[in-house]
Amino acid sequence: MKNNLIRGFPLICYYLGLFLLAIGFIILIPLITLIFYPSSREFAACFLIPGVISILFGYFVTFFFHGKKPANLENHQDAVLVVLIWILAILISSFPFLLTGRLTFTQAMFEVTSGYTTTGLTVIDVSTWPEIFLFYRSLTLFVGGVGFVLIVTSVISDKLRLNIYEAEGHNDKLLPNLQKSSQLIFTLYFGYILFGTLLYCICGMNFFDALNHSFAALSTGGFSTKVGNIYD
C-alpha cells in the first residue's frame, strides 16, 4: 500500500501537474470574448499556445502518477509548493502578453504579477489593447482574489490538501469541509460579480465594461478598461 502512495518530490510534481491543468484552462477562458469581439481573433494564438501547452504538460505529469494516491505533505513541502505555484502561474500567464511582441518580458511579468496580487498597477495603455487582453487582465484579478490554491483545492480538496490551502495564508474555512468552503466562496464571488455587473449596466455602463469593473472592484484591484477608469 505504501508503494502506491506519492511522496516527496514526486508529490510536489503531482500537485504542480494539477495546477498546470488549471492555469491552462484559465488562460483559455478569454477566448470566449472572440464571440463578441471577432476583431481580436488575430490574438487567439497568444492564448491558445500557452494554454494548450500548459494543459498538455499538466496531463502528462498527472498521467504519470495514474493509479497512485497522494500522501500527506510534510517537511514544509506545502510552503515550497505554494511558492512554485505562484512562480509558474506568473511565468506561464505572461506569455499571452509576450507573444504579442508589444511588451518586454519584464513588462509582461509585471502586468500579470500586478493582476494576480490584485495590486492593479499597469504598464499598458488600455485604449490601444484589444478586448481579449482587457478581459484577461480582469480575470487575473479574479483569480488572484480567490487564490490559486483555492482553485486547485476546489477540485481535489480533502483533508490531505488542507495544508496547501493554509500555506497560502488562508484561514477562511467557512465550512468544516474545505471543498464545501471553496464552493461557497466561489458562489459568493460569482454572486457579487453578477450583482455588480447588473448595477453597473443599470447605471449606463455597457456589459463588457461592467463585467470587468466588477472583477476589479471585488478583488480590490485597480485595472480598468478605460484610461479614466470608471469616470471615463
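The values are calculated or read from the model by the stated rules, or taken from the named source; none is laboratory data. For clarity, every value in this text was computed on a predicted model and none was experimentally measured. FYI the Cβ positions are ideal-geometry reconstructions off the backbone, even for glycines, and counts take in every protein chain you see. The accessibility values were calculated without ligands, DNA or RNA, using every heavy atom of the protein model including side chains. Shrake-Rupley method; radii C 1.70, N 1.55, O 1.52, S 1.80 Å.
Where does region 1-93 land on Rg(C-alpha)/(2.2 N^0.38 Å)?
1.32
Multiplying the sequence separation of Arg102 and Glu42 by 0.36 nm and subtracting their Cα-Cα distance, what value in nm do you get?
20.2 nm
Which of rounded, prolate or oblate describes region 59-118 when judged by the alpha-carbon gyration tensor and an a/c cut-off of 1.5?
Numbers: a/c = 4.27, a/b = 1.89, b/c = 2.25.
Because a/c hits 1.5 or more and a/b fails to exceed b/c, region 59-118 counts as oblate.
Going by amide H atoms built from the backbone, whose H comes under 5 Å of the H on Ile6, apart from near neighbours?
Amide H to amide H, under 5 Å and 5 or more residues apart or across chains, Ile6 pairs with Lys69, Ala71.
What does the net charge come to around Cys46 if you take all other residues with beta carbon closer than 14 Å to its beta carbon, with K and R at +1 and D and E at -1?
My count for the surroundings of Cys46 gives 0.
May I ask you to give the solvent-accessible area per residue for region 26-87, in square angstrom, as obtained with a 1.4 angstrom probe? It would help to have the intermediate numbers written out before the result.
Working: 3840 Å² over 62 residues.
With the other protein chains kept in place, region 26-87 gives 62 Å² per residue.
Counting only other residues whose beta carbon sits under 14 Å from that of Ile35, what net charge do I get with K and R as +1, D and E as -1?
The answer is 0.
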